[in-house]
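Everything on this sheet refers to the single structure shown next.
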Amino acid sequence: MLPEVCGLSLFLSLPDDVFSIVSRSLTPRDLCNLSLCCRSLHASTASEKIWLTQCEMVGILAARDLIDWRTGVASYKALCRFLIRIEPLMGIWVHQNPELGNVVYVMPGFVSVVGCRIIPQELGPLGIEEGPILWAPVFEILGDADGTASFCLHGREKGIDYFYPGLVKAVDKNCNVLLLEVDTRSYKNYSINLLHSKSFVNHSDQESRKVCRSNSDRSQSVFGQHESKVPFGRLAFSDRRKLLETVMSQVRVKVPNPVTGPLFPRLRDDEENFKKDMAVLSKRRSVLMQYRKFGGSQMSWKGSSEMFPNPNQLELSEFRKSIDGSTDLHKSINGDNDQIRCRKKKTIGRYFTQSLNHVLKKSGLFNDGKGISKNGCSSSMNKYVQLEDFLKSGDTIGLALHASTMKLSSYRGWPNMHDSRFALYKLPMRAPTAEQEYAGLWGGTFGWPPGKPTEDKPGKALFFLLLSYEKSQDQLFLIATKILEGTHYVLHPNGSAMFRVNINEPSADPFPWESDGDLLPVNVQHTFTGEGIANGYGFRYPGSKPGSLYVFQNGQLAFIWKESKSVLTLQRLNLQDLLKKGERIPPLPPSVNFSYLTKSYSNVFAGFPNTSTSFSSPRGTCS
């Protein structure tokens, strides 16, 4: 027997348990390549145990959670495909506005991940660990049976909760920007797995979900004459804003009753409630997958009820023809029998026509030369792409989530953000190490004892701080960056360094209290010299005052300003556990629910009016 044949036979004779241990040294790509070598290796690499091991190595879920998620997919290999896709999205995402803080934490749901916004809030009498944290849903990414991913934005309009389904574009492995976009697709790339208008079709919702180009334009794509794809980010802000607004108004689906349940289970400590949550989540997922797979009964433009493989597609050519006079559009679509009904209620076609008409006019495409400079070019033509060019780059359009990697500058751990992108920015989270043991997310309040309300202040503003390290002139500094502030009106800018201490320089100042709120003695392990943010020097550049950081034996921290004796106490947070014990509140209208671009210094998330979607300029006035 040849040595290589003997070696292969021995390799194939390994038990699944041993082979799964060996596979820990391989990546999923390695296993897929190995499966192509021969039929025997293909059978061996298809083992569920091997792909369960790969799922564990992704690091998102514990083994018992993976077993629960397996019930929602075809195999562990499909589950691994989904986990690898969404792993770069896990963690904390932020935006500069409002200045109180805009923190979105992406965490596991059930065969899904959920983007949860932490609401700026005061800390109740139960403290951080026991008091419910207020949060609102921003988006979900759902895993299908085969491991493909679909996107769903959450939003609320006129007191009604909606889904805004879309697709998940490329997810960069090291993504640092999460973009909400409108994406175009050609028919040759169209599939139910990519365009999800059918995913959340409501039986009572007769609005259009997708927009298609004309037959003549489609014929160009057949012969390979399609223009190159135009990135959504190349459009002017006003075009991106209105295009998002128009598409959202068409793809929205009222949340059906079976889908109004929890988005993730409670903690396993309460086993009975955990099992109830898993049963509800499983049913919720089944309903969503049924909507995704079969759609619903749709009204065709001739007024008959039919099942469409690609429901409610509208031709852009019809809108272009009727831009200057669209009064008869609905007649040619719905017939004479629908004229009375259409007089009472604006039809989808007319609504979308007027919306696109407004967008195209705003972009300067049909101004008959108005707004054109003397040299025959628009002043912004070199900087931005025309909306018409964007619409020509595909056959269908819909919402999309794009996880991209951009070159961003930062100051003390806080990224410098674009003020006109519908985006969230990822904060790098470093795990604590022996040299950087205080790195990570911390939360706390001002005052001593920590977290204890008083009669004059029944609720204390909850602060979230991200602690990170930087080296400067051979010295190691610990920086506490504010990412959330629970005051009614902001005191410190979002991304401010609340304090900065020198880890190499101990402090000689004693801690001013001998006991904590439970009358237990305070044991200080370490002290460091530093400086904390100051009040009274202006909002954007407040200056700093000397102070000291104290590390207690129980793992908590306290920074004390030397002159004022103000104290900020902190404890390390497990945000996922806090959210599982938290309290859900309604989301904002869809676009501002994703990223709030208007400059604001108050808590816009706690009392936003339930009105229809409205967009504000990113350079708007302070609220």
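The values are calculated or read from the model by the stated rules, or taken from the named source; none is laboratory data. Note that the structure is predicted; figures quoted are calculated from it, not measured. Cβ sites come from the backbone with ideal geometry, for glycine too, and all protein chains shown count toward neighbours. Surface accessibility is based on the protein's heavy atoms, side chains included, excluding ligands, DNA and RNA. Shrake-Rupley method; radii C 1.70, N 1.55, O 1.52, S 1.80 Å.
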For this session: Go through region 247-264 and give me each residue that's closer than 20 Å to SER282 by Cα and either of a type in the set (Gly, Ala, Ser) or in contact with a Lys or Arg (Cβ under 7 Å, 6 or more places away or on another chain) (or both).
Result: PRO258, VAL259, GLY261, PHE264
Exercise. Of all residues in region 403-416, how many are closer than 23 Å to VAL168 by Cβ and open to solvent by less than 40 Å² (accessible area, probe 1.4 Å)?
Worked result: 3
Exercise. Of (1) open to solvent by 50 Å² or more (accessible area, probe 1.4 Å); (2) under 19 Å from SER282 (Cα atoms), GLY59 satisfies all except one. Which?
Worked result: (2)
Exercise. So which residues in region 69-95 are open to solvent by 10 Å² or more (accessible area, probe 1.4 Å) and either of a type in the set (Ser, Thr, Tyr) or without any contact (Cβ under 8 Å) to a residue 40 or more places away in the chain (or both), if there are any at all?
Worked result: ARG70, THR71, SER75, TYR76, GLU87, MET90
For this session: Output yes when any residue across region 141-155 is open to solvent by 30 Å² or more (accessible area, probe 1.4 Å) and not in a loop (DSSP other than H, G, I, E, B), and no when none is.
Result: no
For this session: Among the helices (runs of 4 or more DSSP H) lying completely within region 193-307, list those that include at least 2 residues that are within 25 Å of ALA403 (Cβ to Cβ) and either at pLDDT below 85 or open to solvent by 70 Å² or more (accessible area, probe 1.4 Å) (or both).
Result: 271-294
Exercise. From the list GLU122, GLU130, which residue is touching a Lys or Arg at 6+ places or on another chain (Cβ under 7 Å) and open to solvent by 10 Å² or more (accessible area, probe 1.4 Å)?
Worked result: GLU122
Problem set entry | Answer residue from region 96-115, given it is small (Gly, Ala, Ser) and in a strand (DSSP E or B) and is surrounded by the most Cβ atoms within 10 Å (Cβ to Cβ) among those | GLY115
Exercise. Considering region 69-95 alone, what residues qualify as being in a loop (DSSP other than H, G, I, E, B) and either aliphatic (A, V, I, L, M) or farther than 18 Å from TRP135 by Cα (or both)?
Worked result: THR71, GLY72, VAL73, ALA74, SER75, MET90
For this session: State whether one or more residues within region 562-570 are outside any strand (DSSP E or B) and either crowded, with 18+ Cβ neighbours inside 10 Å or polar (S, T, N, Q) (or both).
Result: yes
Problem set entry | Those residues of region 130-163 which are free of Cβ contacts under 8 Å to residues at least 60 places away in the same chain and in contact with an Asp or Glu (Cβ under 7 Å, 6 or more places away or on another chain), in sequence order | CYS152
For this session: Report yes if LEU52 is open to solvent by 30 Å² or more (accessible area, probe 1.4 Å) and either touching a strand residue (DSSP E or B) at 6+ places or on another chain (Cβ under 6 Å) or in a helix (DSSP H, G or I) (or both), otherwise no.
Result: yes
Exercise. Looking at region 23-39, which of its residues are open to solvent by less than 60 Å² (accessible area, probe 1.4 Å) and more than 32 Å from the chain's Cα centre (by Cα)?
Worked result: SER23, LEU34, SER35, CYS38
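Okay, residues lined up against (1) modelled with pLDDT of 95 or more; (2) out of contact with any strand residue (DSSP E or B) (no Cβ under 6 Å at 6 or more places or on another chain); (3) closer than 24 Å to ILE92 by Cβ:
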site: ASP474; (1), (2), (3): no, yes, no
site: SER496; (1), (2), (3): no, no, yes
site: LEU519; (1), (2), (3): no, yes, no
site: GLY555; (1), (2), (3): no, yes, yes
